[in-house]
Amino acid sequence: QVQLVESGGGLVHTGGSLRLSCAASGSIFSINLMGWYRQAPGKQRELVAVTTSGGNTNYADSVKGRATISRDNAKNTVTVYLQMNSLKAEDTAIYYCHAVRLEGPLRYDYWGQGTQVTVSS
């Protein structure tokens, strides 16, 4: 099992910045992917950014150039950060941390509880 705890959401002015954190604990040794999704009201959940255990990253086109995902590996936890700059109103959403753990052919997906990000002028 993997537990994900998010922090860092809140109210930000247009053009501002914020950093989201997601701390993973439990069976972290087999986590392959960690990333962030978001869901705005009335819309489907969408990928924001993802990072692999090998350090590769991928971003949604809507946040490229404005977002940076990074990963910090400690002994018993893995923390993934999402730094977002030049925030726009359309970035307003609930942001969810996501982790994928692989055990041979089996894949396990884990989600955080979500953290609200509101961008307002």
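The table below gives the values:
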quantity	calculated
Cα-based shape type of the range 24-63, given that a ≥ b ≥ c are square roots of the gyration tensor eigenvalues and the cut on a/c is 1.5	oblate
Phi to ³J(HN,Hα) by Karplus 6.51 cos²θ - 1.76 cosθ + 1.60 over the range 11-18, Hz, x for Gly, Pro	9, 10, 6, 3, x, x, 10, 7
Separation in nanometres of the label points that stand 7 Å from Cα toward Cβ, at residue 27 and residue 73	1.9 nm
Distance between the range 22-86 and the range 87-121 - C-alpha centres, whole angstrom	7 Å
Candidate lysines - alpha carbon under 23 Å from residue 64, same-chain residues fewer than 8 apart omitted	43, 88
Cβ-based net charge around residue 94, under 11 Å, with every Lys or Arg adding one and every Asp or Glu removing one	+2
Heavy-atom surface of the chain, accessible at 1.4 Å and reported per residue (Å²)	53 Å²
Of all accessible heavy-atom area on the chain, the percent that carbon and sulfur account for (1.4 Å)	48 percent
Unit charges on C-beta of K, R, D, E only; dipole of the chain, Debye	80 debye
Global form of the range 28-100, assessed from the alpha-carbon gyration tensor, a/c cut-off 1.5	prolate
Relative packing of peptides 57-70, 102-115, 24-37 - highest average C-beta neighbours within 10 Å first	24-37, 57-70, 102-115
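The values are calculated or read from the model by the stated rules, or taken from the named source; none is laboratory data. Worth saying up front: this structure is predicted, and the values here are computed from it rather than measured. A quick note on method: Cβ atoms are made from the backbone with ideal geometry, for glycine too, and the neighbour counts reach across all protein chains shown. The accessibility values were calculated without ligands, DNA or RNA, using every heavy atom of the protein model including side chains. Shrake-Rupley method; radii C 1.70, N 1.55, O 1.52, S 1.80 Å.
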